[in-house]
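Report on the following structure.
The values are calculated or read from the model by the stated rules, or taken from the named source; none is laboratory data. The structure displayed is predicted, hence computed values, not measured ones. FYI the Cβ positions are ideal-geometry reconstructions off the backbone, even for glycines, and counts take in every protein chain you see. Accessible surface areas use protein heavy atoms only, side chains included; no ligands, DNA or RNA. Shrake-Rupley method; radii C 1.70, N 1.55, O 1.52, S 1.80 Å.
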Amino acid sequence: MNAVVFCGPSVKAEDVAGYDGFEFRPPVRQGEFYAAACRSPRAIGIIDGYFDGQAAVLHKEILWALARRITVFGASSMGALRAAELHSFGMRGVGRIFEAYRDGELTDDDEVALIHGPPETGYIRLSEPMVNIRATLEKAVEERVIDQATGKRLAAGAKARFYQLRTWRGLLEDIVDPEQMQALSEWLRTGKVDRKRDDALELLSQMDAFIRSGAKPEPPTFHFEWTENWHNAHWRSETLRNDEATTIEEEAILDELRLRGDYSRVRRDALLRLLARSDGDAAPDRQAVKRATGEFRSRRGLMRQTDVIRWARENGTDLAGVGLIMEDNARIEVLARDRDVALHQGMLDRLRELDLYSGYREQALARRRWASTSAPMPRALLAAWYFEKCLGQAVPEDLADYAASIGLASVDKFYELLARDYTFTTQRALGNDSGAAGESSLG
């Protein structure tokens, strides 16, 4: 999925008709933004949102999406409010309304509020938002339709009204001068300023340009705090239980996993990724992501960027999606290295669960019994023997880092391990190991 946009009365049906790959949803309520973010779109835009009598979208939902490297845009109405509040965390505000809230020129939520009809009416407006009234009156004064004093009086009168009662008909009745009232009434037919719609169109334009550019999302600049309230939010649980996070095609693929008996194993691996994402201590640096990317490409023979693009297309994603996979891999590796010793007993228990423990134990004892730690050949040849002949892969560029990735304190320890393995393997090939057990594998 490329983009999700929450919108309603701020735009018209024809405004959104030309945006292929965009999914347009009704004004956002609490929990609905989170549900959209669970599907990992490239970007989410907030234009309109409910607030009066219905729970508004939480800042926490938006921060969670930003922490997952989903680009979030806001403009016009609820989007402008949230963007002004969260722009320092990476939410992208668009338009003059956002700028006014950001800079403190506007402070009240009612400036963008209005009452409107249901979706089947096209969100017909039953009142006029204050930001549109202000912009329209300023234009009317500039074009000398009304004088400045009348413009200020009408703006003050509109502001004093409850937002649901702000209508042009009501404001026209406040004009004392019949000539100015008639002039403004006629001018409004073509002269109204729809500031909210203008900003909404700019948001759609910027989101479209972002998607088309293939730009990578910005990394989060903050730590997402996994609070008890967030964990227990009822709409989070409902979203996690239902199937909205997958498309029909993706659900069919999951059915294949179920039929082949692989569902539980892959789900366990996915849980590891989810937990790594929620751990603020697992933020990988560029070098870690680079290592993960190099390993990923090397194992698949993706030597050129065009190869990566082709792989992404064949696997139903794009370069940004590949980047997120690499970051997940790097996060998991960061966590694993930091907790290597603490994981040892869990790793051994996993071998027991898989009925592999006894095989590994017999092989390890045989290797210890016959192998020597003295270097049987130069280190470069020893590494080439191990990686190219035993593992069937190229020798890593950074062997010290490879040693760290398998829980060894130094590259010297790695070469000691290789020396034992080489001696054991050659002795066994000569028939010197009468008690060697068969190899075990995790598959």
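Quick check: residue separation of R368 and K192 times 0.36 nm, minus the Cα distance between them. What number comes out in nm? Please list the in-between numbers first.
Values: separation 176, 0.36 × 176 = 63.36 nm, distance 8.58 nm.
Value of the extension gain: 54.8 nm.
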Note, segment 413-421: 3J(HN,Hα) by Karplus (6.51, -1.76, 1.60, θ = phi - 60°), whole Hz, Gly/Pro = x, goes 4, 5, 5, 4, 5, 5, 4, 4, 5
For the chain, I need the span (max minus min coordinate) of the C-alpha atoms along each principal axis, in Å, sorted largest to smallest.
113, 39, 36
Just subtract the alpha-carbon distance of E143 and F89 from 0.36 nm times their residue separation and send over the number in nm, one decimal.
15.4 nm
For segment 42-47, in residue order, the Karplus 3J(HN,Hα) values (coefficients 6.51, -1.76, 1.60; θ = phi - 60°; whole Hz; Gly and Pro = x) are 4, 8, 10, x, 10, 10
Describe numerically, in nm with one decimal, the distance between label points set 7 Å from Cα along Cα→Cβ at R300 and at D15.
3.9
Per residue of the chain, what 222 nm ellipticity follows from adding -39500 (n - 2.57) for every DSSP H run with n ≥ 4, rounded to the nearest 500?
-17000 deg cm²/dmol
7 Å from Cα along Cα→Cβ at both A384 and D262: what's the point-to-point distance in nm?
3.6
Along the Cα→Cβ direction, 7 angstrom out, place labels at A209 and V176. What is the inter-label distance in nm?
4.8
Backbone N within segment 184-208 under 19 Å of label point (7 Å from R102 Cα along the Cβ vector):
195-208
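Using a Förster distance of 35 Å, how high is the FRET efficiency between E228 and A342, based on the Cβ-Cβ distance and rounded to 0.05?
Values: r = 25 Å, r/R0 = 0.71.
That gives a FRET efficiency of 0.90.
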As an exercise, identify the GluC sites (Glu not before Pro) in segment 42-136 lying in DSSP coil whose Cβ has no more than 15 other Cβ atoms within 10 Å.
E105
Lysines near K152 by alpha-carbon distance under 20 Å, same-chain residues fewer than 8 away left out - which ones?
K139, K192
Under a 5 Å amide H to amide H cut-off, with H placed in plane at 1.01 Å, what residues pair with G45 once short-range neighbours are removed?
V4, V5, F6, F73
Express in nm, to one decimal, how much length is gained between E314 and L354 on full extension, taking 0.36 nm for each residue of separation and deducting their alpha carbon distance.
11.2 nm
How many percent of the alpha carbon pairs in segment 155-274 exceed a separation of 20 Å?
74
Cα-based helix-to-principal-axis angle, 195-213 vs the chain, degrees rounded to 10:
20
With all protein chains in place and a 1.4 Å probe, D349 shows an accessible area in Å² (nearest 10) of 80
In whole angstrom, how far apart do the alpha carbon centroids of segment 378-397 and segment 297-365 sit?
20
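Determine the share of the chain's accessible area contributed by carbon and sulfur atoms, expressed in whole percent, with a 1.4 angstrom probe.
Values: 12710 of 25050 Å².
Answer for the chain: carbon and sulfur cover 51 percent of the accessible area.
What does the net charge come to around K152 if you take all other residues with beta carbon closer than 11 Å to its beta carbon, with K and R at +1 and D and E at -1?
+1
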Gap in Å between the Cα centre of segment 23-40 and the Cα centre of segment 169-240?
15
Output wanted: per-residue J couplings in Hz (rounded whole) for segment 343-356, from phi through Karplus 6.51 cos²θ - 1.76 cosθ + 1.60, θ = phi - 60°, x for Gly and Pro.
8, 4, 5, x, 5, 5, 5, 5, 4, 4, 4, 8, 6, 10
Pairwise FRET efficiency - D109 versus L254, Cβ, R0 = 35 Å, nearest 0.05:
0.25
Per residue, how much accessible surface does the chain expose to a 1.4 Å probe? Answer in Å², no decimals.
57
